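Below you'll find the structure, written out as structure tokens, and then a few comments.
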Amino acid sequence: MALGKTILRGRVLTFLDEPNGPDDHSSYRYIEDGAVLVEGGTIVSVGEWSPALMLAAPGAEVIDHRPHLIMPGFIDTHIHYPQMQVVGSYAKDLLEWLNTYTFIEEQRFADAGHAARIASAFFDELVRYGTTTAAAYCTVHPASAEAFFAEAERRDMRMIAGKVMMDRNAPEGLLDTPQTGYDETLALLRKWDGKGRLHYAITPRFALTSSPEQLEMSQDLARQFPDAYIQTHVNESVGEIAFARELYPNLPDYVGIYEHYGLLGPKTLLGHCIHMQDREIEMLYETGSVAVFCPTSNLFIGSGLFDRARMQKGNVRIGVATDIGGGTSYSMLRTLDEGYKVLQLKGQRLSPIESFFMMTLGNARALSLEHTIGVLAPQADADIVVLDARATPSMALKMEQVETLSEELFLLQTCGDDRAVVETYVAGRPAKARPGT
Ligand code: GUN
Ligand code: ZN
């Protein structure tokens, strides 16, 4: 269906660069009475509202979102779609959580019907919370990835995902082999990568569940498809790290395992990166790999506190993510609120404009997609979120005291959730009010 022209009117906010401190007003563009002209899933122009716009875009539908904020859709750089029904599982630590709940639940995704049902619920939920792009893990079953990509394609969402590869230390029903993991990944990658708005991520789950042979075959895939993403986990919990070191005793550290198998690089997303050696930070920097901060998960599972200042000092690229189902909310607002608290405990500052940069342009950069998403600019995808800082009675009361944009953003982050998301546009179409369309 060809889409007509739409003008979104409201208070427009988009980042231009990473903020250099809490008052770096040059890092963003804010238009009090702004207009975003959208056509065919793409942004055509962004500027001041003017009735003359109607002459330039005759027949355009105007959607007046004043006094709400119009921003680029949120981006989540690490999430497990098969873990929707794992959220809120009670465990001592990561390994108990994985073995007791997660590795049981994920076995259900051998069933294509179950995978399709959860994939549909997953995208409904992302959109309800204002998230328009995610880097997602499927399960070991090719059917889980098929269901995910088919549903993302149907909704025309920009998504990154991959079938998990895991060939040891998990229940039989959740294991592939180096060869089947390779073959299945290759077939999925050929079928889905670059189709519409979809991207493939080569996904060895983590060193604990991949044999050296499997990591070697992952390297082979990465060499054949240098533009594909690679996603995995590293240095999340103390017990996990001890096990990784036992499994790969001849390598210098946990990051060194992925380094040895050629899995680091600018398209590599490494979940967690909490307990890091200096050498490991240096390797992330040298390879341009991305450290993904997952605050709600790290607090809920009790894994540890991410050291953002140390990563920044090492010039490591950083993303931020929900990590559902270790994480506890689909909301990037809730995620950055918890991220703020983690950093408070570390004695580090995270200003509201840095937070909103991270959920939009910052995460787009982490995914090397900054020319396509994470910004409101001509030619970018029309993935847009509309936010209401008066979404609840208590937020409305607090807004009476708010004087600056920065204070409003901080209130949205501290108290906001799905209720603060008035609308989410996916490729120019309003998608929150009409789930599944
Ligand atoms: N490490 C390996 N798999 C997982 C997972 O599913 N969730 C989290 N939080 N950590 C992991
Ligand atoms: Zn994860």
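Observations, loosely collected:
- For beta carbons closer than 7 Å, sequence separation of 6+ or different chains, a first residue in the range 300-328 that is under 18 Å from residue 358 (Cα atoms) and a second that is at pLDDT below 95 and near ligand 1 (Cβ under 9 Å from one of its atoms), there are no qualifying pairs.
- Output for the range 212-237, where each listed residue is away from ligand 2 (no atom under 16 Å from the Cβ), in contact with a helix residue (DSSP H, G or I) (Cβ under 9 Å, 6 or more places away or on another chain) and of a type in the set (A, V, I, L, M): 215, 217, 221, 228
- Restricting the search to helices (runs of 4 or more DSSP H) fully inside the range 142-229 and requiring at least 2 residues that are buried (at least 16 other Cβ atoms within 10 Å of the Cβ), in contact (Cβ under 8 Å) with a residue 24 or more places away in the chain and touching a Cys at 6+ places or on another chain (Cβ under 7 Å) gives 142-155.
- Tally of residues being of a type outside the set (Val, Ile, Thr) and part of a loop (DSSP other than H, G, I, E, B) across the range 328-374: 15
- Residues (buried (at least 22 other Cβ atoms within 10 Å of the Cβ) and within 16 Å of ligand 1 (Cβ to nearest atom)) located in the range 328-337: 330, 335
- Flag if residue 334 is touching a strand residue (DSSP E or B) at 6+ places or on another chain (Cβ under 6 Å), away from ligand 2 (no atom under 16 Å from the Cβ), under 28 Å from residue 95 (Cα atoms) and among the basic types (Lys, Arg): no
- Scan of the range 395-419 for residues that are of a type in the set (Gly, Ala, Ser) and in contact with a helix residue (DSSP H, G or I) (Cβ under 6 Å, 6 or more places away or on another chain), ordered by number: 406, 416
- Filter pass, residue 407 being outside any loop (DSSP other than H, G, I, E, B), charged (D, E, K, R), within 21 Å of the chain's Cα centre (by Cα) and surrounded by fewer than 23 Cβ atoms within 10 Å (Cβ to Cβ): no
- Of the strands (runs of 3 or more DSSP E) lying entirely inside the range 22-82, those carrying at least 2 residues that are modelled with pLDDT of 95 or more, within 16 Å of ligand 1 (Cβ to nearest atom) and surrounded by 17 or more Cβ atoms within 10 Å (Cβ to Cβ) are 74-80.
- Where residue 274 falls short, out of the listed (1) within 16 Å of ligand 2 (Cβ to nearest atom); (2) crowded, with 24+ Cβ neighbours inside 10 Å: (2)
The values are calculated or read from the model by the stated rules, or taken from the named source; none is laboratory data. All of these numbers come straight from a predicted model, not from anything done at the bench. Reconstructed Cβ throughout: ideal geometry from the backbone, glycine too, with neighbour counts over all protein chains shown.
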